[in-house]
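Everything on this sheet refers to the single structure shown next.
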Amino acid sequence: MTQSLFELEQNNAFIGRHIGPSEQEVADMLAVVGADSLDDLIKQTVPASILNDQPLGIGAPRTEQEALGYLKTLADQNKVFKSYIGMGYHDTHVPLVIQRNVLENPGWYTAYTPYQPEIAQGRLEALLNFQQMTQDLTGLPLASASLLDEATAAAEAMALARRVSKNKKANIFFIADDVHPQTIDVVSERAEHYGFDIKVAPAEAVVEHDVFGALFQYPSTTGQIRDLKALIAQVQSGKGIACVAADILSLVLLKAPGELGADVVLGNAQRFGVPMGYGGPHAAFFATRDEHKRSLPGRIIGVSKDTRGRPALRMAMQTREQHIRREKANSNICTAQVLLANMSSFYAVYHGPEGLKRIADRVHRLTDILALGLQSKGVALKHDTWFDTITVETADKDAILARAEAKGANLRSDLAGALGVSLSETTTRGDVAELFDIFLGEGHGLSVDSLDAKAAAGTASIPAGLVRDTAILEHEVFNSYHSETEMLRYIHKLEMKDLALNYGMISLGSCTMKLNATAEMVPVSWPEFARIHPFAPLSQTQGYQKMIGELESWLVKITGYDAICIQPNSGAQGEYAGLLAIKKYHESRGEGHRDICLIPSSAHGTNPASAQMANMKVVVVACDKRGNIDMVDLKAKAEEAGENLSCIMATYPSTHGVYEENIREVCEIVHGFGGQVYMDGANMNAQVGITSPGFIGSDVSHLNLHKTFAIPHGGGGPGMGPIGVKAHLAPFVAGHAVVKTDKESRNNGAVSAAPFGSASILPISWMYIAMLGDEGLKRSTQLAILNANYLMRSLAEDYPILYTGRNDRVAHECIVDIRPLKETSGISEMDVAKRLNDFGFHAPTMSFPVAGTLMIEPTESESKVEIDRFIHAMKQIRAEMRKVESGEWTLEDNPLVHAPHTQDDVMDSEWNRSYSRELAVFPSEDVRRSKFWPTVNRIDDVYGDRNLFCSCLPTEAYGE
Ligand SMILES: *Cc1c(COP(=O)(O)O)cnc(C)c1O
């Protein structure tokens, strides 16, 4: 019988697109792992006590067209006004060659953090350009490769000041009162937990205080360009650290803060070609003096060399980072806006020094014209200096705002007795004429042309002593790619050096490198989501509010919590936000003394780093020899902490990739001593639809939307780390100083610069959930578990598997132990990782959570064909190890220790290795059909750290 129309219309196609294996492949894999069905596998794997049979209640899956169609109706409820709000966010023309070939290109957006530098030289180069651009514009010699946003970068500057200031007795961090309000909010919140005193006062008042550091804004939030030289010197004379938050475009014209003596310069790179996106994502920049390199937050890209002696890029000084230094880390920053830093650096490459100067000059000229025109009509301006922002003093705010609204324009309205106007790259002369109408009413008789003649004759709006007289962006890279053809090819050449998901599986454990579906990505570029200022009135952002509200209600169902706080911009920021909620909850009950945070030894490094930021004392709980939390030790440590127990941070399934049987008991023990349970949600891909943190008994979790909920990793960010909380913690989550929602928590301090974090990437997770629905979400979890168990079972023939749980099952990932094989062969986990590159694979997670191991997570999106290809490569690598074990190859001369192999290797005139060139680069048939070439040989980590070099190299350095 043929199908009815109704049956033909049942289109759950997206589930089948998102999930890699076909029905037949599922059946085949079930047979291999020895389970009758997916349900049977789950029953064998997940402790019965936490299995939840209730449907999620999200509803039926929607097709791509249905989901996009509905989301468009929400987007249409956002009003895209011209933004003159400023406050660190400006409209920008995203060069379309960058929009299409970077932002919208999976070759760029699906990559991971460049932990395997030999197959990541492209994005490492783009990030090095970002550092160079930062150095040039700030006038400081050392820059890092991007932070989460300007406000958190300022908080990191404060933490750096505390570490390096020689004024150890001072406890005050001074903030000039004309710093952006959201920055003051975030820094004050951070200071409270570090136990620092914050003093907010007029900049000049810094002389009255004994400070370990101070923060100024340049130009100020109301637009004034102040000569900071004397104030900086004043701070430094008391051994304080002078920090300056600067506007990146203004720095093209203004004297660099570094030249004024600043110790730290930071800011938002958004207006360099990244949409405002209702708050993000965009990258913050951060620069300091060379002597503070060991205190710098975030990553630094450094130039090292490979085994052929060629320059090669890598992330330098990893030992500063949280994954090694744990509670002694400089910051908890892990995921950090790499894609957006790359976009901004490409923007600088595309425009070059002259193009940027033209843009900055034009914005400044239009501002001069606006200011001169208003002044000629007797309008009072708050300052007599400006770059792109003026503050108009007026008794008539309401009338002006009403005219602005009628013309579809937003002014800055939060200043007493004044209105702010910030111009941007997108402002035209027509816009300035319209601004005259807005401020003066029609019939003012001003002409842009005649005002221009006056402005061109010269104004003092930039004080003579603060005009930049040093060159910027002199490096060749910023002076070579100014035609679109050249730019297109430069972007593509870099892309080709990197292994991203559009080439093959990236089995990084704990990172959940699943499909980032095109339909999920499309709405990110819609102007109704992209071109909205984060502080636009809520009445103009109704579409966003509805989309976020729906996403929150779905996440509530998925997590089993009662409320979601969407603000944190990464998982680690979510940890910080969640711990603050716990802390404030205890304080509200008169138990502010509870400050001990229990963390299992297997935890991700961000956990102890976040606990330290929340000023908690970390007590490590041991794991037993099966990798589970040692219950005896947990009870002992909890009891010892007693009435000082604040919480436990536990990851579930554990970072060892197993469902611990007694997770409920863990929660009960901690609750029994009055503590709270923070469940790190990075492994939610093994929970969605089958259990949930709330169901298990936890109080708060972050969700890595860039792991479980399909936001791409962008080469190391963006990400989103919203937290879910039980009702009792809801009043204690982050609020925001500028945007007040109707939530009970609205007056709390902020953890991010923008009220809804990186709002413009939330549609990705919205689409993901909408298109999978109850059925697809659950099936995704089941398939993630099946794929991992199939892979584990297949590899177990050749490799020791470190930990398994009940019935010898793993959760959604598994750890292969290379240590015993290193004993017998001398081959290390690093050699295996690099040899995988020769097969066209990205390595699994190396040496986390256990040194000497590889953690593999295939995700539900990989088909059996791809997983088999990976298994085959791993088996062949094991066979190669056996040849070293048997002595057929020496430990010094075999394809494992020389991996990865490059084109230069096979083109060498001499080849005197004990294996063939063919085996080196074509180790299997399918590699021959489609070869990924690492562009450098193995990189020397030690050399790179000893000879830290973090700027662009002269081009000759790459030549022979
Ligand atoms: C990825 C991860 C984090 C940190 O998340 P970011 O978004 O990178 O800050 C924390 N815990 C675990 C277990 C993780 O895997």
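If Ser461 satisfies every condition in (1) surrounded by 14 or more Cβ atoms within 10 Å (Cβ to Cβ); (2) more than 29 Å from Ala395 (Cβ to Cβ) but one, which is the exception?
So the condition that Ser461 fails would be (2).
Being among the aliphatic types (A, V, I, L, M) and either in contact with a His (Cβ under 9 Å, 6 or more places away or on another chain) or surrounded by 13 or more Cβ atoms within 10 Å (Cβ to Cβ) (or both) is the filter here; which residues of region 381-398 pass it?
Filtering region 381-398 for residues among the aliphatic types (A, V, I, L, M) gives 381, 390, 392, 395.
Those that are among the aliphatic types (A, V, I, L, M) and either in contact with a His (Cβ under 9 Å, 6 or more places away or on another chain) or surrounded by 13 or more Cβ atoms within 10 Å (Cβ to Cβ) (or both): Leu381, Ile390, Val392.
Which of the residues that make up region 520-573 are among the acidic types (Asp, Glu) and either within 29 Å of Cys334 (Cβ to Cβ) or in a loop (DSSP other than H, G, I, E, B) (or both)?
Our first condition is that a residue be among the acidic types (Asp, Glu); within region 520-573, this holds for 520, 528, 550, 552, 562.
Listed by number, the residues that qualify are Glu520, Glu550, Glu552, Asp562.
What number of residues within region 908-953 satisfy the criterion of being of a type outside the set (D, E, K, R) and without any contact (Cβ under 8 Å) to a residue 12 or more places away in the chain?
Result for region 908-953: 6.
I need the full set of residues from region 722-733 which are within 16 Å of the ligand (Cβ to nearest atom) and part of a loop (DSSP other than H, G, I, E, B), in order please. It would help to see each step written out before you state the result.
Within region 722-733, the subset within 16 Å of the ligand (Cβ to nearest atom) is 722-724.
Answer for region 722-733, where residues must be within 16 Å of the ligand (Cβ to nearest atom) and part of a loop (DSSP other than H, G, I, E, B): just Pro722.
Count, please, the residues in region 693-728 that happen to be surrounded by fewer than 24 Cβ atoms within 10 Å (Cβ to Cβ) and touching a residue at least 60 places away in the same chain (Cβ under 8 Å). Lay out the reasoning, then the answer.
Within region 693-728, the subset surrounded by fewer than 24 Cβ atoms within 10 Å (Cβ to Cβ) is 694-697, 726-728.
Checking the rest, the ones that are also touching a residue at least 60 places away in the same chain (Cβ under 8 Å) come to 694-696, 726-728.
Here the count works out to 6.
Output the number of residues of region 281-329 satisfying the condition of being surrounded by fewer than 20 Cβ atoms within 10 Å (Cβ to Cβ), within 23 Å of Ile248 (Cβ to Cβ) and at pLDDT 95 or above.
Selection size over region 281-329: 3.
When the residues of region 666-721 are narrowed to those that are part of a loop (DSSP other than H, G, I, E, B) and among the aromatic types (Phe, Trp, Tyr), which ends up nearest to the ligand (Cβ to nearest atom)?
So in region 666-721, the residues part of a loop (DSSP other than H, G, I, E, B) come out as 673-675, 687-692, 697-699, 703-721.
Next cut, among the aromatic types (Phe, Trp, Tyr) only: 673, 709.
Working: Phe673: 24, Phe709: 12 Å.
So, considering only residues that are part of a loop (DSSP other than H, G, I, E, B) and among the aromatic types (Phe, Trp, Tyr), the one nearest to the ligand (Cβ to nearest atom) is Phe709.
Keeping to region 544-595, report how many residues are without any contact (Cβ under 8 Å) to a residue 40 or more places away in the chain and within 15 Å of the ligand (Cβ to nearest atom).
0
Looking at Leu411, Leu401, Leu339, which is the one that is modelled with pLDDT of 95 or more and more than 18 Å from Gly441 (Cβ to Cβ)?
Values: Leu411 fails: more than 18 Å from Gly441 (Cβ to Cβ); Leu401 fails: more than 18 Å from Gly441 (Cβ to Cβ).
The unique qualifying residue is Leu339.
Would you point out the residue of region 203-230, among those that are in contact (Cβ under 8 Å) with a residue 12 or more places away in the chain and of a type in the set (Asp, Glu), that is farthest from Lys382 (Cα to Cα)?
Checking each candidate, the answer is Asp210.
One residue is enough: does region 331-338 have a residue meeting the conditions within 30 Å of Leu466 (Cβ to Cβ) and within 31 Å of the chain's Cα centre (by Cα)?
The first filter runs over region 331-338 and keeps only residues within 30 Å of Leu466 (Cβ to Cβ), leaving 337.
Add one more test, that the residue is within 31 Å of the chain's Cα centre (by Cα), and what stays is 337.
Yes: region 331-338 contains one or more residues that are within 30 Å of Leu466 (Cβ to Cβ) and within 31 Å of the chain's Cα centre (by Cα).
Looking at (1) among the acidic types (Asp, Glu); (2) more than 16 Å from the ligand (Cβ to nearest atom); (3) closer than 26 Å to Val556 by Cα, which is the one condition that is false for Asp630?
Checking Asp630 against (1) among the acidic types (Asp, Glu); (2) more than 16 Å from the ligand (Cβ to nearest atom); (3) closer than 26 Å to Val556 by Cα, the one that fails is (3).
Look through region 504-543, keep the residues that are crowded, with 23+ Cβ neighbours inside 10 Å and within 16 Å of the ligand (Cβ to nearest atom), and return whichever of them is farthest from Pro849 (Cα to Cα).
Step by step, filter region 504-543, then rank; the result is Lys514.
How about region 162-179: which of its residues are in contact (Cβ under 8 Å) with a residue 60 or more places away in the chain, in contact with a helix residue (DSSP H, G or I) (Cβ under 9 Å, 6 or more places away or on another chain) and more than 16 Å from Ala201 (Cβ to Cβ)?
Residues of region 162-179 in contact (Cβ under 8 Å) with a residue 60 or more places away in the chain: 163-167, 170, 174, 179.
Cutting the leftovers down to in contact with a helix residue (DSSP H, G or I) (Cβ under 9 Å, 6 or more places away or on another chain) gives us 163-164, 174, 179.
Scanning region 162-179 gives Arg163, Val164.
Given the options Tyr659, Tyr678, Tyr652, name the one that is crowded, with 24+ Cβ neighbours inside 10 Å, without any contact (Cβ under 8 Å) to a residue 60 or more places away in the chain and outside the structural domain of Asn342 (by TED's automatic domain parsing). Write out each step before concluding.
Values: Tyr659 fails: without any contact (Cβ under 8 Å) to a residue 60 or more places away in the chain; Tyr678 fails: without any contact (Cβ under 8 Å) to a residue 60 or more places away in the chain.
The match here is Tyr652.
Residues that are within 24 Å of His586 (Cα to Cα), not aromatic (Phe, Trp, Tyr) and not assigned by TED's automatic domain parsing to the domain that holds Gln182: does region 702-712 have at least one?
Step one: of region 702-712, the residues within 24 Å of His586 (Cα to Cα) are 702-703.
Okay, now just the ones that are also not aromatic (Phe, Trp, Tyr), so 702-703.
Still in the running and not assigned by TED's automatic domain parsing to the domain that holds Gln182: 702-703.
Within region 702-712, one or more residues are within 24 Å of His586 (Cα to Cα), not aromatic (Phe, Trp, Tyr) and not assigned by TED's automatic domain parsing to the domain that holds Gln182.
Hey, can you tell me all the residues within region 905-959 that are in a loop (DSSP other than H, G, I, E, B) and among the hydroxyl-bearing types (Ser, Thr, Tyr)? Talk me through it step by step, then tell me what you get.
Here is the first cut: in region 905-959, the residues in a loop (DSSP other than H, G, I, E, B) are 908-916, 922-924, 930-938, 940, 947-954, 959.
Across region 905-959, the qualifying residues are Ser909, Ser914, Tyr915, Ser916, Ser924, Ser930, Thr935, Ser951.
If a residue must be farther than 14 Å from Phe673 by Cβ and either of a type in the set (Gly, Ala, Ser) or in contact (Cβ under 8 Å) with a residue 60 or more places away in the chain (or both), how many such residues does region 629-649 contain?
Total satisfying the criteria: 1.
Filter region 1-15 for residues that are among the hydrophobic types (A, V, I, L, M, F, W, C) and either within 14 Å of Arg779 (Cβ to Cβ) or assigned to a helix (DSSP H, G or I) (or both) and give the result. Step through it out loud before you land on a result.
Keep residues of region 1-15 that are among the hydrophobic types (A, V, I, L, M, F, W, C), which gives 1, 5-6, 8, 13-15.
Once the filter is applied, which keeps residues that are among the hydrophobic types (A, V, I, L, M, F, W, C) and either within 14 Å of Arg779 (Cβ to Cβ) or assigned to a helix (DSSP H, G or I) (or both), region 1-15 yields Leu5, Phe6, Leu8, Ala13, Phe14, Ile15.
So which residues in region 167-189 are touching a strand residue (DSSP E or B) at 6+ places or on another chain (Cβ under 9 Å) and of a type in the set (D, E, K, R), if there are any at all? Show your work before the answer.
Residues of region 167-189 that are touching a strand residue (DSSP E or B) at 6+ places or on another chain (Cβ under 9 Å), as a first pass: 167-180, 183-184, 187-188.
Correct list: Lys168, Lys169, Asp177, Asp178.
The values are calculated or read from the model by the stated rules, or taken from the named source; none is laboratory data. Bear in mind the structure is a predicted one, so any value in this text is a computation, not a measurement. All Cβ positions, even for glycine, are placed from backbone atoms using ideal geometry, and neighbour counts span all protein chains on display.
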